[in-house]
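Please treat every number below as a calculation from the coordinates, not as lab data. Computed from a predicted model, the values in this text were never measured in an experiment. Because the Cβ atoms are built from the backbone with ideal geometry, glycine has one as well, and the counts that use them run over all protein chains shown.
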Amino acid sequence: MPVKKIAKRKNKLSVKIGTTVMPKSISTYTIKDKLKQPKVLIGLIVVILIVAAFFLKGLFIAAVVNGEPISRITIISELEKQGGKQILSSLVNKILILQEAKKKKVQISQAEIDTSLKQIEDSLKSQGQNLDTALTTQGMTRQDLMTQLKLRGLVEKLLADKIKVTDKEVTDYIEKNKDTFPTNLTSDQIKKSVVEQLKQQKMVNASQSWLVELNKNAQINYFVSY
């Protein structure tokens, strides 16, 4: 084959390889269109933020009075002024109780919590009341009550040796208060009620001094002052 013809073919190949055919849609994409793209993106972000603000407004705004908003931060601040110290103390005690129970390997089962919950519910029913209604009036839920029952159950187990009620204590109490008991109760019912009452009194006294001691021995760093 002649040398000249080979050279021509090489030239043709080089042209085909080096040339890129641009689609019509891309070739007509102008600089003006590129400048519009960020604006569209910004607009989309603004719309998303507006929609999010509408649906999540309750996370930041509690109420709007004649166009003037009341933020949730304002409410939280006021609540902290009124009961911040008490609530913080309660939360600290809750953690201390859970930590002490874990350290002493003391547990309370869900079945035990359910039993206590049923006792409360049955007691309210006998008085013509409803548990959920009673909880609502106190600003509580069933889960809140179950948490309290769990903590109370743990404290009872942790302080079991300090809240025991003897037969003599029950007999003495009944003798001193025999005129105050309902006449429709049996002696067994009275005794059971007295045992529970004395047990609760002992637990209140024992738990108060016990929690004071736990707070004293714990390493607690406070970053707010009420």
Legend entry - Distance (nanometres) between label positions extended 7 Å along Cα→Cβ at residue 60 and residue 134: 4.2
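Just rank 226, 173, fewest to most, by other beta-carbon atoms within 10 angstrom.
So the residues, fewest neighbours to most, are 226, 173.
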Legend entry - Taking 161, 132 and counting other C-beta atoms within 10 Å, the order from fewest to most: 161, 132
Legend entry - Nearby aspartates and glutamates by direct alpha-carbon distance to residue 85 (threshold 13 angstrom, same-chain neighbours under 8 apart not counted): none
Inset, instruction - Please give the FRET efficiency for residue 200 paired with residue 68, using the beta carbon to beta carbon distance and R0 = 35 Å, rounded to the nearest 0.05. - result: 0.15
Inset, instruction - Check each of the trypsin sites (Lys or Arg not before Pro) in region 121-226 and keep only those in coil by DSSP with at most 12 other C-beta atoms within 10 angstrom; list them in order. - result: 164
Inset, instruction - Pull out a ≥ b ≥ c, the square roots of the eigenvalues of the alpha-carbon gyration tensor of region 161-211, then state rounded if a/c is under 1.5, prolate if not and a/b is larger than b/c, and oblate in the remaining case. - result: prolate
Inset, instruction - In Å and from the alpha-carbon atoms only, list the Rg and Dmax of region 95-178. - result: 16.1, 43
Legend entry - Order of 223, 181, 60 under a 10 Å beta carbon neighbour criterion, fewest first: 223, 60, 181
Legend entry - FRET efficiency estimate (nearest 0.05) - Cβ-Cβ, residue 87 to residue 222, R0 22 angstrom: 0.95
Inset, instruction - Can you tell me how much longer the chain between residue 208 and residue 109 gets when fully stretched, taken as 0.36 nm per residue apart minus their C-alpha distance, in nm with one decimal? - result: 33.2 nm
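Report the charge-dipole magnitude of region 86-177 in Debye, nearest 20, computed about the Cα centre from +1 at each Lys and Arg Cβ and -1 at each Asp and Glu Cβ.
Rounded to the nearest 20 debye, it is 480 debye.
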